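The values are calculated or read from the model by the stated rules, or taken from the named source; none is laboratory data. Remember, predicted model here, so these are calculated numbers, not experimental data. Glycine also receives a Cβ, built like all others from the backbone with ideal geometry; neighbour counts cover every protein chain displayed. Only protein heavy atoms, including side chains, enter the accessible area calculation; ligands, DNA and RNA are left aside. Shrake-Rupley method; radii C 1.70, N 1.55, O 1.52, S 1.80 Å.
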Amino acid sequence: MPVAVHVLGLSVFALGTSEFMLSGLLQPVADDMDVSIPTAGLLISAFAIGMVVGAPLLAAATLRLPRRTTLIALLATFGLGQVAGAVAPSYEVLFASRVVSALACAGFWAVGAAVAVSLVPVNARARAMAVMLGGLSVANVGGVPAGAFLGQHAGWRAAFWAVAALSAVGLVGVIGLVPRTEAPTGADRPRLRAELSIYRDRQVWLALVTTALSGGAVFCLFSYLAPLLTDVAGMDESWVPTVLALFGVGAIVGTAIGGRVADAHLFGTLYGGITASTIVLTVLGLTAHHAVAAVTLALLLGVTAFFTGPALNARMFNVANAAPTLAGATTTSAFNIGNTLGPWLGGLVIDAGWGYPAVAWTGAALAAAAVGTTALAARQHRAQGASRVIVGLEAAKQELQSEARRDGLRQTD
């Protein structure tokens, strides 16, 4: 695997730490900014919504720019957003810094994913995405608990400074190790209208919906895992960071295994991982009152959920092959739609008085729906094969390239 892909994974570690660390910092942020905890929680929602909106917008805006230059600009902007958050004098400034950081994060994910798959053969795409997702997994294991620890002992602003420092390290790596690329010209020049045509294809939408549902299933439970452990399983609050870290360990294991098998057995990986998540969430709904079961199942959920991550990414790049930057943007948006939908649905069932175990049942229902959309996608793939939209785009691109070569020959004559 090219070292540049690992550099992108390191950068994703910083991005992922920033995205999720506020879950463990809401109380100190609320106290310092003199707002309620639900109001502080809007900082999490703002980041997720910024990711959903920012990925396609920035992918379109930077489509014709050199990818390495775009990555450098986005990562630098993200780091400055962390600095702004660390010194924010008010809630409003902190909120704005989260939105800016989310937009830069979304753009980096979209372009970085396109760069990662461009550096490896087609049959290694899932492994390349596994490296990037590995950065997110490590963020859950080390970054998020470390952010909570810093928040408890050095103040919540210290966590923002730490992420800013990680961003600087990633920036140095991107500058030094990601290959320089020039903006494509002529027949290879991206055309936004043509690339947007991928959204006419049912396979792209099935991939998007499956990704959103599977992500929503996991984060419906993960967002409320801490109160489930303390209020339902009866565990002491001091155990929460350990269980969150175990979830992250499971995520690392799942990503590593999924990245190795998804390239050869993509639909099998999707079926196996999402079905396993459905079972884990169902059993957790039944056994949430038992601490050992809750901890064990949290670990297993990390494995099963992230086992499917490389396959979900690779599937989108396969069906939107002629528009890789928009494919990365669409996957980023889909994951974050799930990250927004899952916690929202979980909050609804809790507010309805059904209790914290109900979020596991809700997650299981979302995962079961994702199994259904996977079945539809597999049926569509067998019936249609390659996307007709993508085949058309590739044919048009080849025709443009042939025309450019003919023009070059005429000029030579």
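Some notes on this structure:
- Ordering 100-110, 86-96 by mean Cβ neighbour count within 10 Å, with the highest value first, yields 100-110, 86-96.
- Rounded FRET efficiency, nearest 0.05, which uses the C-beta distance separating Val3 from Ser45 and R0 of 30 Å: 0.25
- Between Arg180 and Ala61, the distance separating the two model label sites (each 7 Å from Cα on the Cα→Cβ line) works out to 2.6 nm.
- In region 5-98, taking the dipole from charged Cβ atoms about the Cα centre, the farthest positive-side position among Leu25, Ile49, Val93 is held by Ile49.
- Taking all protein chains into account, the per residue accessible area for region 195-343 stands at 34 Å² (1.4 Å probe).
- Most positive-pole-ward Cα, Leu246, Leu206, Ala293, against dipole of region 193-337 from beta carbon charges: Leu206
- Full extension of the segment from Ser90 to Ile72, taken as 0.36 nm per residue of separation minus the current Cα-Cα distance, would add 3.6 nm.
- Heavy-atom SASA rank of Val99, Val232, Val174 (probe 1.4 Å, accessible area, largest first): Val99, Val232, Val174
- Table column - 3J(HN,Hα) (Hz), region 175-180, Karplus curve with 6.51, -1.76, 1.60, x for Gly and Pro: 4, x, 10, 7, x, 6
- For region 80-100, the residues whose backbone nitrogen is under 17 Å from a point 7 Å from the Cα of Asp34, taken along Cα to Cβ, are 88-95.
- Separation of the Ala383 and Arg260 label points, Cα + 7 Å toward Cβ, nm: 3.7
- Table column - 3J(HN,Hα) (Hz), region 248-261, Karplus curve with 6.51, -1.76, 1.60, x for Gly and Pro: x, 4, x, 5, 4, 4, x, 4, 4, 6, x, x, 7, 9
- Surface listing: Arg98, Arg382 arranged by accessible area from highest to lowest gives Arg382, Arg98, probe 1.4 Å.
- Placing a label point 7 Å from the Cα of Val249 along the Cα-to-Cβ direction, the residues of region 278-311 whose backbone N falls under 19 Å from that point are 291-307.
- Once the Cβ-Cβ distance of Ser118 and Leu80 is raised to the sixth power relative to R0 = 22 Å, the FRET efficiency obtained is 0.20.
- Rounded to the nearest whole Hz, the Karplus-based 3J(HN,Hα) values (6.51 cos²θ - 1.76 cosθ + 1.60, θ = phi - 60°) of region 285-294 follow the sequence x, 7, 10, 4, 6, 9, 4, 4, 5, 4, with x at glycine and proline.
- Full extension of the segment from Arg200 to Ala352, taken as 0.36 nm per residue of separation minus the current Cα-Cα distance, would add 50.9 nm.
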